[in-house]
Amino acid sequence: MSRRKPNHLKILEGVREDRINRNEPTPAPSEIAPAMELSDGAKLIWDRLAPDLIDKGCLSAWDVDLFTVFCDAADRYYELRSQLQSYVVPGSVNNSVVNPLLRIMKDAFETMNRIAAKFGLTPSDRAGIDVEDLDDKPRLGPERILG
């Protein structure tokens, strides 16, 4: 099953008119800020990525909750990675077991990866986004689709 494409990408690809929702809701222009207080590490990730995503029109006020979760998951991944000393640790009966931090890191990575795709943060997802005609500010409302 393929993922849905945004209307502006459908238009650029020449998709049939009856498959384009010309009445797609769009967020009103507003301040874009994290949905909640971020840890220091998550704030660094937000500050590094959010301005460019906002500039490219990939992050709107409606997206802040999801992007906040991305920043939190990325921070958790990096924090656990810095704590990881070994991939195996002593088990309960004189054996070695996989370090439990690896499972938590894997969960954080999977969360990051799923959310990153929605914002075009992976190379394959970026390939499907066309921002060539963006001017100085993100397009909102009808001009986003109609030009």
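Please treat every number below as a calculation from the coordinates, not as lab data. On a predicted model such as this, the values are computed, not experimentally measured, just so you know. Glycine gets a Cβ as well: all are built from the backbone with ideal geometry, and neighbour counts include every protein chain shown.
Details
- Output for the stretch 21-51, where each listed residue is under 20 Å from ARG114 (Cβ atoms) and of a type in the set (D, E, K, R): ARG48
- Scan of the stretch 59-103 for residues that are farther than 22 Å from GLU37 by Cα and in a helix (DSSP H, G or I), ordered by number: ARG81, SER82, GLN83, PRO100, LEU101, LEU102, ARG103
- When every residue of the stretch 101-112 is checked against the conditions, at least one turns out to be under 11 Å from the mean Cα position of the chain (by Cα), buried (at least 17 other Cβ atoms within 10 Å of the Cβ) and not basic (Lys, Arg).
- Of all residues in the stretch 17-50 being under 13 Å from TRP62 (Cβ atoms) and not small (Gly, Ala, Ser), the one that is surrounded by the most Cβ atoms within 10 Å (Cβ to Cβ): ILE32
- Residue in the stretch 81-103 that is touching a residue at least 12 places away in the same chain (Cβ under 8 Å) and within 25 Å of ARG126 (Cα to Cα) present: no
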